[in-house]
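What follows is a short report on a single structure.
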Amino acid sequence: MLLVEDSRMFATVLTHGLETTHGLSVIHCSSLASLRLAVESGIVFSLAVLDLNLPDAPNCEALDYVLDQGIAAIVFTASFNDDTHKDVLSRPVVDCVIKNRPDSITQLISVVDRAMTNSLTHILLADSEDASRREIYALLRRQRFMVTEALSGADALQMLDAGETIDIVLCDIALCDMTACTLLREIRQRYCEDDLSVVAMAPSADGIQAGRFLHAGGTEFIQKPFCVEEFNGRLFQVANLQKRLQSLHSIAARDYLTGIYNRRHFFQHGPRMVDQCLRRGETTSIAVVDIDHFKRLNDTYGHEVGDLVLKAVAERLRGMIDEEHLLARLGGEEFGILFNELSVAKASEFCEVIRHDIGCTKLVADGEELSITISIGVATIEGPETFDNYLNAADQFLYMAKHGGRNRIVSEMTALKALAS
């Protein structure tokens with residue numbers, strides 16, 4: 001990030017604070033001339049903290065230059081009066097912090113934290129009124145949120161079903177096709193409260209709707225017309241809490257040995273992925289992968305080598321399977337793969353690539369080279385059933401693969417071919 005400040009004391013304290021607190025790489029410029037050189041060097045800056053008055057730029061020239069370059073700006077200045085305040089806030093700055101206050105450094109670092117959190121937060125804005133939506137969109141972008149617009153509740157649900165990663169849904173209380181409570185109910189069928197925050201906006205007189213919305217599981221309610229500072233503060237608190245929850249869930253969702261997702265995460269998020277595919281009218285597939293002769297390997301070489309094999313297989317799987325699909329360790333030597341919109345034929349072809357790749361992987365244990373093979377069962381998902389049923393079907397095909405000699409893939413297609421021959 002850029003720090004444009006001619007005071008050596010402030011520059012030193014801020015550089016240390018920002019680098020220590022946020023791990024940022026801070027480039028310090030003490031003049032407009034050095035600012036131009038830094039920007040023209042080719043370094044991509046996403047955020048700038050700058051004073052309004054510099055020796056060679058006494059009239060906000062540095063701020064104008066930064067904004068013209070498309071860099072988000074936080075103003076940090078001692079020269080501040082009502083006219084300056086009005087002038088600065090009329091421009092698309094993130095915020096303005098006054099230097100000559102006891103907590104100015106702490107406040108500035110907090111504003112930087114807010115800007116960084118917001119830049120990682122994707123908001124789906126659902127508002128059927130064009131003027132209102134444009135105004136709120138501008139406010140959100142000014143605070144560095146990523147924003148996708150929806151003109152109706154149906155549009156919002158379609159975007160969510162398309163699989164786009166959304167952190168917060170911000171909706172008007174009365175959309176053209178449904179209320180915020182109806183939209184919330186549909187969203188909660190797809191996402192739990194920890195996965196996606198839902199915030200509604202409504203006139204202050206509509207207190208009953210606010211109570212109903214919050215009681216139904218809404219995250220926050222913002223009254224219109226709103227104070228910009230309150231609007232920004234409430235949304236940041238929602239975004240900050242959401243990111244913290246996501247971080248905790250990410251830790252809890254990982255298998256301690258391999259680092260990939262665990263069984264709990266697979267069973268929690270798998271059904272939602274299936275529902276989304278089925279709502280889009282797409283078939284998909286599920287696979288269970290098993291390391292061949294793993295018990296014998298453990299008995300022969302010990303659990304340390306067994307763990308090494310598990311890590312190696314998980315690493316190869318993670319390297320080959322895109323994030324659009326869901327990979328997890330189900331337990332022991334078994335892994336689950338839920339494919340997103342892959343037919344059983346395409347999934348089987350992909351699994352064959354995986355099987356061949358892992359078969360070529362060589363590990364050395366106690367000076368001896370080990371070969372690894374896997375067996376895979378693949379089942380199709382065409383209609384709504386319990387998630388256990390999908391997994392059990394893949395598990396049955398896995399049993400057939402192991403019974404048929406291991407190091408192979410079995411699906412309903414291969415089973416039908418075997419019966420026909």
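At-a-glance table
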read-out	value
Given (1) hydroxyl-bearing (S, T, Y); (2) in contact with a strand residue (DSSP E or B) (Cβ under 6 Å, 6 or more places away or on another chain); (3) surrounded by fewer than 12 Cβ atoms within 10 Å (Cβ to Cβ), number of the condition S247 does not satisfy	(2)
Residue match in the range 217-236 (condition: outside the structural domain of G281 (by TED's automatic domain parsing), in a loop (DSSP other than H, G, I, E, B), within 16 Å of the chain's Cα centre (by Cα) and surrounded by fewer than 18 Cβ atoms within 10 Å (Cβ to Cβ))	no
Residue match in the range 385-405 (condition: surrounded by fewer than 16 Cβ atoms within 10 Å (Cβ to Cβ), closer than 29 Å to M273 by Cβ and in contact (Cβ under 8 Å) with a residue 40 or more places away in the chain)	no
The lone exception for I136 - which of (1) β-branched (V, I, T); (2) under 26 Å from G163 (Cα atoms); (3) touching a Phe, Trp or Tyr at 6+ places or on another chain (Cβ under 7 Å) it fails	(3)
Every residue from the range 242-267 that is modelled with pLDDT under 90 and not small (G, A, S)	Q242, K243, R244, L245, Q246, L248, H249, I251
Search result, residues across the range 163-199 that are among the hydrophobic types (A, V, I, L, M, F, W, C) and either in contact with a Gly (Cβ under 6 Å, 6 or more places away or on another chain) or assigned to a helix (DSSP H, G or I) (or both)	L175, M178, A180, C181, L183, L184, I187, V198
Those residues of the range 16-62 which are farther than 22 Å from R141 by Cα and of a type in the set (G, A, S), in sequence order	G17, G23, S25, S30, S31, A33, S34, A38, S41, G42, A57
Identity of the residue in the range 185-199, modelled with pLDDT under 95 and among the aliphatic types (A, V, I, L, M), that ends up surrounded by the fewest Cβ atoms within 10 Å (Cβ to Cβ)	L196
Members of the range 279-297 that are in a helix (DSSP H, G or I) and buried (at least 17 other Cβ atoms within 10 Å of the Cβ)	F294, L297
Selection within the range 264-277 - over 16 Å from Y191 (Cβ atoms) and surrounded by 16 or more Cβ atoms within 10 Å (Cβ to Cβ)	F266
Residue ranges of helices (runs of 4 or more DSSP H) in the range 47-162 with at least 2 members buried (at least 16 other Cβ atoms within 10 Å of the Cβ) and among the polar types (S, T, N, Q)	104-119
Matching residues, the range 261-277, being touching a strand residue (DSSP E or B) at 6+ places or on another chain (Cβ under 8 Å) and outside any strand (DSSP E or B)	R263, H265, F266, H269, G270, M273, V274, C277
Test: residue in the range 8-18 that is more than 20 Å from I98 (Cα to Cα), under 34 Å from the mean Cα position of the chain (by Cα) and outside the structural domain of R141 (by TED's automatic domain parsing)	no
Residue within the range 241-251 that is in contact with a His (Cβ under 7 Å, 6 or more places away or on another chain), closer than 23 Å to E164 by Cα, among the aliphatic types (A, V, I, L, M) and without any contact (Cβ under 8 Å) to a residue 60 or more places away in the chain present	no
Within the range 113-132, tally of residues that are out of contact with any helix residue (DSSP H, G or I) (no Cβ under 8 Å at 6 or more places or on another chain) and among the hydroxyl-bearing types (S, T, Y)	3
Residues of the range 96-112 classified as in contact with a helix residue (DSSP H, G or I) (Cβ under 7 Å, 6 or more places away or on another chain) and either free of Cβ contacts under 8 Å to residues at least 60 places away in the same chain or of a type in the set (F, W, Y) (or both), total	3
Unique match (being of a type in the set (A, V, I, L, M, F, W, C) and modelled with pLDDT of 90 or more) among V97, V66	V66
The range 333-360: number of residues that are closer than 23 Å to F294 by Cβ and either surrounded by fewer than 16 Cβ atoms within 10 Å (Cβ to Cβ) or not assigned by TED's automatic domain parsing to the domain that holds D299 (or both)	6
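The values are calculated or read from the model by the stated rules, or taken from the named source; none is laboratory data. Only a predicted model underlies this, so the values are computations on that prediction, with no experimental measurement involved. Note that each Cβ is placed from the backbone with ideal geometry, even for glycine, and that neighbours are counted across all protein chains shown.
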